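Beneath this line is the structure, given in structure tokens, with notes to follow.
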Amino acid sequence: MIIFNVSRSTTLWLIVLVFSFNFAQAQNSSNSTDKSTKNPQNESVAADSLTEYSTKPNEIGFWGGTSTVHKDLRGESAGGNFQMLGFRYSHRMLDGKSVKLRYTLDLIPVAVLNYPRERPFQTAANTTELVRDRKTVYGLGFAPGGLQLNFRNRKKYQPFVGGGLGFMYFTQVTPDFRTPLQPRATGAKINYTADIGGGLEIGLKKNRNFIIGYKYHHLSNLYTGNLNIGYNSNFVYAGMNFGY
């Protein structure tokens, strides 16, 4: 079961990565075949469209990712598998000579968490047995508190660091460890998120960029439920942004 979950996570991440990169390459190919008119009034627009990084103050885009094998994590959070698909809006707050600072907001319509459980059940009058299984829950999220700092501003390849804060709503209480012996061992439907990480932004023509990144992602209910377990993930993702 663990092998299946890791394989499914890896497949999802590779699909998003390949789709995003092929989409960008297809757009570049179609742009190179277009014939542009050499009207002086269009020269600035043409030069802007050929620049291989975004010059626009705002961007919208999409991304997707998955948790990876994380041997460094310990405790109950170590076995959680997490996948997300999201949309991003960002606004340029600082446009320096070598750095660029953006405010980011993420809307996450698809979130899937698969976590391990170890629960006691009474099998005889004086005997209990620990039953191990896994549970999958689905949710959606909103992360309005994000910042991203790009280095090598106005270059094709821009390393970045960033982080964000938000929350996530699941269709079921998360986690859920209830049994007749522990009927109140539940978390909450609303959980809170925090992440920090970095990656690489690859500039493309027409104010677009391809991104690939890593973030250390935390999810918990901040003790608003009877049971609070922090699910931590080494999360990798890829996506596309479009400037306007």
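The values are calculated or read from the model by the stated rules, or taken from the named source; none is laboratory data. The model shown is predicted, which means the values in this text are computed figures rather than measured ones. All Cβ positions, even for glycine, are placed from backbone atoms using ideal geometry, and neighbour counts span all protein chains on display.
A few notes on this one:
- Of the residues making up segment 149-184, those that are touching an Asp or Glu at 6+ places or on another chain (Cβ under 9 Å), part of a strand (DSSP E or B) and surrounded by 17 or more Cβ atoms within 10 Å (Cβ to Cβ) are Asn150, Gln158, Phe160, Gly162, Gly163, Gly164, Gly166, Pro175.
- Residue selected from segment 227-242 under the condition at pLDDT below 95 and not hydrophobic (A, V, I, L, M, F, W, C), by the criterion surrounded by the fewest Cβ atoms within 10 Å (Cβ to Cβ): Asn228
- Filtered residues of segment 185-223 (kept if in contact with a helix residue (DSSP H, G or I) (Cβ under 6 Å, 6 or more places away or on another chain) and either in a loop (DSSP other than H, G, I, E, B) or surrounded by fewer than 21 Cβ atoms within 10 Å (Cβ to Cβ) (or both)): Lys205, Lys206, Phe210
- Selection from segment 174-198 of residues that are at pLDDT 95 or above and among the hydrophobic types (A, V, I, L, M, F, W, C): Ala188, Ile190, Ala194, Ile196
- Enumeration of residues in segment 123-137 that are touching a residue at least 12 places away in the same chain (Cβ under 8 Å) and exposed (fewer than 12 other Cβ atoms within 10 Å of the Cβ): Leu130, Arg132, Asp133, Thr136
- Matching residues in segment 137-172 - criterion: being at pLDDT below 95 and not basic (Lys, Arg): Asn153
- Filtered residues of segment 224-244 (kept if outside any strand (DSSP E or B) and touching a helix residue (DSSP H, G or I) at 6+ places or on another chain (Cβ under 6 Å)): Ile229, Gly230
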